[in-house]
1. When region 1-50 is examined, which residues are found to be surrounded by fewer than 17 Cβ atoms within 10 Å (Cβ to Cβ), among the β-branched types (Val, Ile, Thr) and within 22 Å of the chain's Cα centre (by Cα)?
2. I'm trying to understand the selection: among the residues of region 104-125, which are hydroxyl-bearing (Ser, Thr, Tyr), within 19 Å of Ser92 (Cα to Cα) and without any contact (Cβ under 8 Å) to a residue 40 or more places away in the chain?
3. Could you check how many residues of region 112-150 are closer than 27 Å to Lys68 by Cβ and not in a loop (DSSP other than H, G, I, E, B)?
4. Residue under question is Lys79, and the condition is that it be outside any helix (DSSP H, G or I) and within 23 Å of Leu53 (Cα to Cα); does it hold?
5. Identify, please: which residue in region 79-129 is charged (D, E, K, R) and touching a strand residue (DSSP E or B) at 6+ places or on another chain (Cβ under 8 Å) and is, among those, farthest from Tyr9 (Cα to Cα)?
6. Please pick out the residue among Leu67, Leu22, Leu13 that is modelled with pLDDT under 95, under 23 Å from Tyr110 (Cα atoms) and either in a helix (DSSP H, G or I) or not basic (Lys, Arg) (or both).
7. Across region 116-136, which residue is surrounded by the most Cβ atoms within 10 Å (Cβ to Cβ) among those that are closer than 30 Å to Leu72 by Cβ and among the β-branched types (Val, Ile, Thr)?
8. Take Ser92 and tell me if it is touching a helix residue (DSSP H, G or I) at 6+ places or on another chain (Cβ under 9 Å), assigned by TED's automatic domain parsing to the domain that holds Ala24 and not charged (D, E, K, R).
Amino acid sequence: MKMAEEALYFGFLVSYAQGMHLLAEASSEYGYELPMVAIAKIWREGCIIRAALLEDIAQAYQEEPHLKHLLLAPSFVAKVQSCVASTRSLLSYSISNGISLPALSTTLLYFECFTSRRMPTNMIQAQRDYFGSHTYERTDREGTFHTKWSKI
């Protein structure tokens, strides 16, 4: 039961962080100048969301108004670290038993992409090059490359 509770909390943390990041990026891109602290407080007073976690979000943006991403706030790093292992365990259990948890799976994948330098998704570049000569980048050399895959 504790594992499921911690995994749900992880899902909330990362989902809120992703949502706030999208708002911040839109604000930057379009010059909206969105007040991130105020947004969290407004949502806290709403009739649907009202999560206590929004108070922590507001606090994180008060402490660092130009925070690039909520997952980088020290208080959120600690929160996520406390429950990511349970999330991985629950998802491992669910996959092993044929139980689909698509929202939680996607949330963990977002987190993994956010926190990893290299991802297996780099293979997508090679696939795009194979099927459409779109080129790819390498980690060992500067520039873009194309391979004649049928000759390999």
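The values are calculated or read from the model by the stated rules, or taken from the named source; none is laboratory data. Every value quoted in this text rests on a predicted model; they were computed, and no experiment measured them. Cβ sites come from the backbone with ideal geometry, for glycine too, and all protein chains shown count toward neighbours.
1. If the condition is that a residue be surrounded by fewer than 17 Cβ atoms within 10 Å (Cβ to Cβ), among the β-branched types (Val, Ile, Thr) and within 22 Å of the chain's Cα centre (by Cα), then Val37, Ile49 are the ones that fit.
2. Scanning region 104-125 gives Ser105, Thr106.
3. So the answer is 10.
4. No; evaluated as a whole, the condition is false for this residue.
5. Restricting to residues being charged (D, E, K, R) and touching a strand residue (DSSP E or B) at 6+ places or on another chain (Cβ under 8 Å), the top hit is Asp129.
6. Working: Leu22 fails: modelled with pLDDT under 95; Leu13 fails: modelled with pLDDT under 95.
Being modelled with pLDDT under 95, under 23 Å from Tyr110 (Cα atoms) and either in a helix (DSSP H, G or I) or not basic (Lys, Arg) (or both) holds for just one of Leu67, Leu22, Leu13, which is Leu67.
7. Going through region 116-136, the residues closer than 30 Å to Leu72 by Cβ turn out to be 116-125, 136.
With among the β-branched types (Val, Ile, Thr) added as a condition, the list becomes 121, 124.
Details: Thr121: 10, Ile124: 12.
Of everything passing the filter in region 116-136, Ile124 is surrounded by the most Cβ atoms within 10 Å (Cβ to Cβ).
8. Here the answer is no, as Ser92 does not meet what is asked.
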